[in-house]
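What follows draws every value from the coordinates through simple rules; no lab data is involved. Because the structure is a prediction, the values reported are computed rather than measured. Note that each Cβ is placed from the backbone with ideal geometry, even for glycine, and that neighbours are counted across all protein chains shown.
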Ligand SMILES: [Cu+2]
């Protein structure tokens, strides 16, 4: 019985989290601006299309490698307001340093 209650609670949490689909390719993330509300449980599903890339969102201690063609789930709680940069953290070519975006938490 207790197990059943726990399963329902997890399902409710998952339903609460809006999932954002993102792609990464030379040299951009799409979308490159993400807006969420403070307190949101954010779930990103990121797929690198053309090359291995990386997703680094330092303010939330996230640094994930994105293997080409494989969707990577990144989850965190947006518990602070502000504008936070994210960038590619896996060298992918000449434009690598320009491959970045912003997370806006309102
Ligand atoms: Cu890169």
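The figures follow:
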read-out: Given (1) surrounded by 19 or more Cβ atoms within 10 Å (Cβ to Cβ); (2) at positive phi, number of the condition residue 61 does not satisfy; value: (1)
read-out: Top-ranked residue in segment 69-83 [being assigned to a strand (DSSP E or B) and surrounded by fewer than 18 Cβ atoms within 10 Å (Cβ to Cβ); ranked as farthest from the chain's Cα centre (by Cα)]; value: 82
read-out: Enumeration of residues in segment 84-102 that are surrounded by fewer than 19 Cβ atoms within 10 Å (Cβ to Cβ), in a loop (DSSP other than H, G, I, E, B) and within 8 Å of the ligand (Cβ to nearest atom); value: 91, 93, 95
read-out: Filter result (more than 16 Å from the ligand (Cβ to nearest atom), in contact with a strand residue (DSSP E or B) (Cβ under 7 Å, 6 or more places away or on another chain) and not in a strand (DSSP E or B)) within segment 41-68; value: 59, 60
